[in-house]
Structures are given as structure tokens and as C-alpha cells.
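Okay, so here's the structure we're looking at.
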Amino acid sequence: MSTKIIVSYDGTANEDDAIALGRVFAGAGAEVSVAYVRHSVEPDYSGETLAQNQAEALLERAAGLLGNPHAAKHVVTDRSTPEGLRALAEAEGASAIVFCSDSHTAKGHVAIGNSAQRLLEGGSAAVAIAPAGLAKAGTESSIRQIVAVGDASGGAQATAQALAAALGATGAPVANQDADLLVIDSRPEAELGRVSISSSASHLIEIATCSVLVVPRGVTLPFARTTAGAVA
């Protein structure tokens, strides 16, 4: 069964970067869908219909950028974006949620936005964050080096190995400027199956210049490249 991954998308600054990272995971055989969280229901029928249609059109664009117009599209209504995405991931059995970096992030760097931060604090789904400018760089399909950060008892090592095998990449023992993706374990004290990162891991993300994927404690995300999952 393919790993299910949800890309959070609202069409604003840097959001196309999340789609670009979603393409990476699709290229590794993941089943990637797109989601938009509306924060309220309009009080009248015509307003609600218009808002829903706009949300659906936004996700049609996202699926087109993903390279898979048939990708599942989820319009969620919740006051809280992270809570809406958390509930969607649980309902869909998704293993990871993908975000872009904060809108004020310098090109080529990573910054944890508010929604991603909330899900890094006890969520059950892995959290992936794309660096600013990934979509414009056009290098999302060129994953050559993947670095796992964590110990053997976590899931980062096995997840990184699965991704490397699926993408034809190599593994590296330590993070460096040549890394294209960091796979980071949750802290050893975290509850099994939950995400929680240490201060050192947070710092590593802050100085990262490539995509990052933080996995729940003890969880391995399986990947296996298939023809259907290959990047277009």
C-alpha cells in the first residue's frame, strides 16, 4: 500500500514550494493529495457556494502543479488550519503533511510556519517542510543525497533509506551543504507514534537549506517507486 501524503495549499506566497516537495514524494511512489482549510462557513447559500467553488478551483490548480490532475482534493472547514489538517490526515490514513516555509523566509532556507509548528508538537503524522524557492529552482526531482538525523531506534534511518532507494539517491551520515533532504527523528522521549522535536533538531531545521521531513518516534514511512508514482 502506498504511503499517503497530504500537501497543505492555499495559493499564497511559497505555497507552490510545498507542491514541489509533494512531487518528490510522488516520485518515490507516495499517493499525494492536496488540501485547503477554510476557516468558516458563509451565512448564505450563494456565498457558501461561491467560497466552496473558489476553494475547489484552488485545489484544481494545485493538482495541476503536482502533475496529477486526478489527485484527491480535500476542502476542509475548520477554524484552525493545523487541527483541520490533523483531522483530515487521521480520516484519510495519511502518514505525512507537507508545508511550505513561512512567507518571509529567505530563498533557499527553511522556516517553520505556525501550522507546521503546531503539528510538530505531538501530532501523529510526519511533517515535511519545503525551502523557500524550491518550486522556482526546478530541482525538486533532483534528489541526490538524503541525510537521516537520529538514532537506530527511531524511524528516520529506515525512512531515509526507503526514500533513497525509491529516488535513486544516496545516503550521507551527516547533514552538509550537498544534502537535498533531511529526514529527522522525533526526540527519544517522545511518545511512540508521535512527533516531537528537540531544540537541536529545531535549530538544524532553522539553518537547513534543503527540504526536511520530521517523522514520528519509532515510525518508518515506506516508499517504493512505481511507474504511476514517478514525477512527470
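The values are calculated or read from the model by the stated rules, or taken from the named source; none is laboratory data. Computed from a prediction, not measured in an experiment: that's the story for all the values here. In this analysis, Cβ positions are derived from the backbone assuming ideal geometry, glycine residues included, and neighbour counts consider all displayed protein chains. Quick note on the areas: whole protein, heavy atoms, side chains included, nothing else; ligands and nucleic acids left out. Shrake-Rupley method; radii C 1.70, N 1.55, O 1.52, S 1.80 Å.
Structural remarks
- Two-site label geometry, Ser198 and Asp78: point separation in nm, points 7 Å out along Cα→Cβ: 2.9
- Of all beta bridges that DSSP places with both ends in the chain, some 10 percent have antiparallel geometry.
- Selected from Ser211, Ala87, Ala28, residue furthest toward positive end of dipole (the chain; charges at beta carbon): Ala28
- Applying a DSSP loop filter and a limit of 11 other Cβ atoms within 10 Å to the GluC sites (Glu not before Pro) in segment 159-232 leaves Glu189.
- Set of segment 67-81 residues, backbone N closer than 18 Å to the point 7 Å along the Cα-Cβ line of Glu56: 69-78
- Listed residues Ala116, Ala35, Ala175, most fluctuating in the chain (Gaussian network, C-alpha, under 10 Å): Ala175
- Helix-only CD estimate at 222 nm, as mean residue ellipticity for the chain, using -39500 (n - 2.57) per DSSP H run (n ≥ 4): -10000 deg cm²/dmol
- Rounded accessible area per residue of the chain, 1.4 Å, Å²: 46
- Take the chain and mark each of the trypsin sites (Lys or Arg not before Pro) that is in a DSSP loop with at most 14 other Cβ atoms within 10 Å; the longest unmarked stretch, sites excluded, is 108-232.
- Charged-residue dipole, Cβ positions (Lys, Arg, Asp, Glu), the chain about Cα centre, Debye nearest 20: 480
- Computed from label points 7 Å out along Cα-Cβ, the spacing between Thr209 and Ser46 is 5.4 nm.
- The chain: most fluctuating residue of Pro173, Pro69, Pro188 per GNM, C-alpha cutoff 10 Å: Pro173
- Summarised in one figure, the compactness ratio Rg/Rh of segment 57-164, Cα atoms and Kirkwood Rh, is 0.96.
- The His104 and Ala165 beta-carbon pair, evaluated with R₀ = 45 Å, returns a calculated FRET efficiency of approximately 0.80.
- Other residues lying with their Cβ under 10 Å from the Cβ of Lys4 contribute a combined charge of -2, Lys and Arg counting +1, Asp and Glu -1.
- Using a probe radius of 1.4 angstrom, the carbon and sulfur fraction of the accessible surface of segment 15-77 is 52%.
- For the pair Glu121 and Asn176, label points projected 7 Å from Cα toward Cβ lie 3.6 nm apart.
- Reachable aspartates and glutamates, given that their alpha-carbon falls under 12 Å from the alpha-carbon of Lys107 and they are not under 8 places away in the same chain: Asp17
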